[in-house]
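Colleague: Structure incoming, see below.
The values are calculated or read from the model by the stated rules, or taken from the named source; none is laboratory data. Since the structure is predicted, the reported quantities are computational estimates derived from the model, not experimental observations. Cβ placement follows ideal geometry from the backbone for every residue including glycine, while neighbour counts extend to all protein chains displayed. Heads up: the accessible areas ignore ligands, DNA and RNA and are worked out on the full protein's heavy atoms, side chains in. Shrake-Rupley method; radii C 1.70, N 1.55, O 1.52, S 1.80 Å.
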Amino acid sequence: MIRAQELHKTADLFGNGPNAATSLQTGQRRSELSLFALRGTGRPAEIATNFLESLSIPEGPSSGQTVRLAPFQKQFVSGALADGIGAAVLSIGRGNAKTALSAGIALGGLVGVLDDQPRREILIAARTRDQGRIAWDFVAGFAASLPLEVQRRLIYRRAPRLEIEYEGDGGGHVLRVIAADGKSALGSAPTMCLLDERGHWQSDKGDELEAALLSGLGKRGGRALIISTSAADDTHPFSKWIDDPLPGTYVQEHRPSPGLPADDLASLMIANPGAQHGIGASLEWLEAQARRAIARGGSSLNSFRLYNRNERISGETRDLLVTVDEWLSCEVSELPPREGQVVVGIDLGGSASMTAAAFYWPESGRLECLGTFPSLPSLLDRGQVDAVGDRYVQMHDRGELTVLGDKTVPVAPWLIEVIRHVQGESIAAITMDRYKQSELGEALDRAGIRAPLVWRGQGFRDGGEDCERFRRAVFDGKVRARPSLLLRSAFADAVTLRDPANNLKLAKARSTGRIDAAAASVLAVAEGARIAGRPKAKARVAWA
């Protein structure tokens with residue numbers, strides 16, 4: 001443990017103490033030696049903390065002031081540099097200095113404070129070169145507060161690649177920025193890697209780069225710093241780092257409980273711990289932005305939840321059918337009763353897609369939904385192909401998803417199961433996509449189902465009306481459903497396309513997204529809204 005007097009002496013050597021101006025010449029002679037001396041002053045976390053707090057803030061309202069780590073930052077440094085840790089994961093809201101903190105650690109690795117290996121290589125990986133430049137600029141900014149003799153041994157290169165080379169301590173030490181292209185990291189043997197905003201890399205190239213970096217770190221016993229705001233869902237590799245950490249992984253996540261109001265102060269403080277210590281945005285600003293996002297709704301609210309509240313929701317900026325908050329307002333712990341007639345909406349899938357049925361009671365607003373997949377491939381294998389992990393298995397365990405048939409769902413037996421779900425109820429209508437009218441009509445005849453049939457198109461004409469009726473029912477509080485992973489997943493991937501006349505058409509946000517449950521719900525609720533809007537026929541009295 002370093003004593004207070006020793007810390008003060010070290011600060012002087014770095015040019016930040018009160019006697020720095022009068023002892024500059026001595027400091028220049030001893031500056032590089034002082035860097036090396038820090039290696040033996042304690043545990044790596046203590047060394048890193050002392051080094052970081054000897055630097056000056058390079059930008060922002062507090063620029064020029066000495067770095068003082070907040071408690072959550074000290075916690076991350078301590079966990080990331082603990083013995084036996086090969087990867088450290090930090091998930092926190094935007095603007096809480098996660099990139100600056102990691103850049104300071106990377107600088108310590110470059111100049112030899114945290115590592116004494118020869119020819120050290122530090123890689124900063126980001127989705128794009130411009131994103132990586134943010135971390136590079138922080139490293140360069142912090143380096144400007146190092147002793148002058150150390151600064152003279154740093155060489156900055158901006159083309160063709162962002163690099164900083166350190167010629168001291170034997171020379172050959174380099175820090176460079178690479179974009180999310182796995183091939184650019186092949187053959188490297190880094191001693192430290194910074195994976196910036198890992199939760200928002202492109203899935204294929206991002207996975208390749210991560211694999212290349214981690215395999216390279218193993219050659220020299222290096223460490224990985226994996227930082228980001230939350231990914232869009234639980235199946236993203238960054239989410240898996242947090243939810244299912246491998247041995248030798250330190251995880252620090254600042255994420256509030258889901259389903260809370262966007263302007264909830266306590267949860268804003270959880271996602272933005274730096275706000276209480278003068279880091280990033282103030283709580284007042286965050287509350288104001290939350291109210292603004294709530295007022296605007298749509299993609300603005302989704303983006304605020306994703307980036308500022310660090311929630312795992314889609315940041316899709318296209319026109320969502322309904323936003324997360326709008327759908328959550330429809331979920332209730334206790335469903336209203338099955339009153340009146342029921343409308344059945346059917347979306348028939350193929351061999352790869354899901355087949356879904358929705359059941360809607362217009363009088364009470366009750367909505368139920370069931371999905372079905374064929375048994376081959378298995379739900380777990382299908383989830384891996386669709387990039388949703390074990391979500392289908394979870395749906396099956398919750399009773400929201402069933403399996404029927406081998407490679408395709410047999411339509412007639414499936415329709416029998418659908419009608420059995422509402423056995424004893426009066427069916428007002430069965431509404432379906434006219435694209436598969438022949439197949440569905442034959443299956444209805446084979447199943448012996450007799451009910452009013454309503455055929456709807458999925459284009460801009462019928463689809464526009466159905467989407468708008470569904471949205472209106474949601475906004476008016478006429479849709480009530482139990483918390484359903486099936487429906488949440490479907491609506492997260494359900495976006496709308498608009499034609500020049502502003503008509504809507506339902507579409508997928510992802511090519512492997514399964515929106516069949518959302519499509520069936522739209523059909524059922526829209527038809528239920530039409531039925532509820534029709535005037536009831538009055539009995540006529542005939543006089544003899």
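Colleague: Assigning unit charges at the beta carbon (Lys, Arg +1; Asp, Glu -1) and nothing else, what dipole magnitude in debye, to the nearest 20, does the chain show about its Cα centre?
Modeller: 720
Colleague: Classify segment 476-522 as rounded, prolate or oblate, taking a ≥ b ≥ c as the square roots of the eigenvalues of its Cα gyration tensor: rounded when a/c is under 1.5, otherwise prolate if a/b is larger than b/c and oblate if not.
Modeller: Because a/c hits 1.5 or more and a/b fails to exceed b/c, segment 476-522 counts as oblate.
Colleague: Let me ask something else about it. Which far-off residues, 5 or more places away or on another chain, put their amide H under 5 Å from the one on GLY349, with H placed in the peptide plane?
Modeller: THR355, ALA356
Colleague: What is the extension gain from LEU404 to VAL332, computed as 0.36 nm multiplied by their sequence separation minus the C-alpha to C-alpha distance, in nm to one decimal?
Modeller: Contour length minus the Cα-Cα distance gives 23.0 nm.
Colleague: In addition: Using only the C-alpha atoms of the chain, find the volume of their convex hull and express it per residue in Å³.
Modeller: Enclosed volume per residue, from the Cα hull, is 184 Å³.
Colleague: Let me ask something else about it. With all protein chains present, how much of the accessible area of segment 100-203 (probe radius 1.4 Å) comes from carbon and sulfur, to the nearest whole percent?
Modeller: Solvent-exposed carbon and sulfur of segment 100-203 make up 47 percent of the total.
Colleague: Okay, moving on. For the modelled label position 7 Å from the Cα of ASP244 along Cα-to-Cβ, which residues of segment 483-497 have backbone nitrogen atoms closer than 16 Å?
Modeller: Of the residues in segment 483-497, none has backbone N under 16 Å from the label point off ASP244.
Colleague: Sorting check: for 112-124, 353-365, which peptide has the highest mean count of neighbouring beta carbons within 10 Å, and how do the rest follow?
Modeller: So the peptides 112-124, 353-365, ranked by packing, come out 353-365, 112-124.
Colleague: Right, another one. Once fully extended, how much extra length lies between SER438 and LYS508, figured as 0.36 nm per residue of separation less the alpha-carbon to alpha-carbon distance?
Modeller: My answer for the length gained is 22.7 nm.
Colleague: Apply the membrane-span-like helix rule to the chain: whole DSSP H runs, Cα extent along the own long axis of at least 30 Å, mean Kyte-Doolittle hydropathy at least 0.0. List the helices found.
Modeller: Helix filter hits for the chain: none.
Colleague: Going 7 Å from the Cα of SER203 along its beta-carbon direction, which residues of segment 494-525 have the amide nitrogen within less than 18 Å of the resulting point?
Modeller: So the set is 494-495, 507-517.
Colleague: Compute the Cα gyration tensor for segment 359-445, then decide on rounded, prolate or oblate, letting a ≥ b ≥ c be the square roots of its eigenvalues: rounded whenever a/c is under 1.5, prolate when a/b is larger than b/c in the other cases, and oblate in all that remain.
Modeller: The shape class here is oblate.
Colleague: List, in order, the whole-Hz ³J(HN,Hα) value for each residue of segment 364-370 obtained from phi through the Karplus relation with A = 6.51, B = -1.76, C = 1.60 and θ = phi - 60°; use x for Gly and Pro.
Modeller: For segment 364-370, the Karplus-derived couplings read 9, x, 6, 10, 10, 8, 10 Hz, x marking Gly and Pro.
Colleague: Can you give the extra length, in nm with one decimal, that the chain gains between LEU265 and GLN423 once fully stretched, where that is 0.36 nm per residue apart less the Cα-Cα distance?
Modeller: The span from LEU265 to GLN423 would gain 52.2 nm if fully extended.
Colleague: What's the FRET efficiency of SER364 with HIS277 using the Cβ-Cβ distance as r and R₀ = 60 Å, to the nearest 0.05?
Modeller: After rounding to 0.05, the efficiency reads 0.75.
Colleague: I've got another one for you. Averaged per residue, what accessible surface does the chain expose to a 1.4 Å probe, in Å²?
Modeller: Spelled out: the 1.4 Å probe surface of the chain, per residue, equals 46 Å².
Colleague: Just to confirm my numbers, what's the Cα centroid distance between segment 357-421 and segment 447-486 in Å?
Modeller: Answer, in whole Å: 17.
Colleague: Using the basic label-point model (7 angstrom from Cα toward the beta carbon), what is the ASP390 to TRP455 distance in nanometres?
Modeller: 4.4
Colleague: Would you mind classifying segment 416-535 by shape? Square roots of the alpha carbon gyration tensor eigenvalues, ordered a ≥ b ≥ c; an a/c under 1.5 is rounded, otherwise it is prolate if a/b is larger than b/c and oblate if not.
Modeller: Rounded, because the longest to shortest axis ratio a/c is under 1.5.
Colleague: Would you calculate the separation in nanometres between label points at GLU46 and ARG119, each defined as 7 Å from the Cα along the Cα-to-beta-carbon direction?
Modeller: Distance between the two pseudo-spin positions: 3.4 nm.
Colleague: I'd like the carbon and sulfur percentage of the solvent accessible area for segment 278-354, probe radius 1.4 Å, heavy atoms only, ligands and nucleic acids excluded.
Modeller: Reported share for carbon and sulfur atoms: 47 percent.
Colleague: Moving on to the next point. Of the options GLY477, ALA106, GLY222, report the single residue whose Cα projects farthest towards the positive end of the charge dipole of the chain (beta-carbon charges: Lys, Arg +1; Asp, Glu -1).
Modeller: The Cα lying farthest towards the positive end belongs to GLY477.
Colleague: For segment 414-544, which whole-number percentage of the solvent-accessible area (1.4 Å probe, protein heavy atoms only) is attributable to carbon and sulfur atoms?
Modeller: Roughly 51 percent, rounded to a whole number.
Colleague: Using a basic spin-label model with each label point 7 Å from the Cα along Cα→Cβ, how many nm lie between LEU497 and ARG534?
Modeller: 3.2
Colleague: Divide by every residue of the chain the summed helix terms, -39500 (n - 2.57) for each DSSP H run of at least 4, and state the resulting mean residue ellipticity at 222 nm, rounded to the nearest 500 deg cm²/dmol.
Modeller: -11500 deg cm²/dmol
Colleague: Placing +1 at every Lys and Arg Cβ and -1 at every Asp and Glu Cβ, with all other atoms neutral, what dipole size does segment 462-518 have around its Cα centre, in debye to the nearest 20?
Modeller: The calculation lands at about 300 debye.
Colleague: Let me ask something else about it. Using +1 at the C-beta of Lys and Arg and -1 at the C-beta of Asp and Glu, which of LEU286, PHE373, THR191 has the Cα lying farthest in the positive direction of the dipole of the chain?
Modeller: Of the options given, the answer is LEU286.
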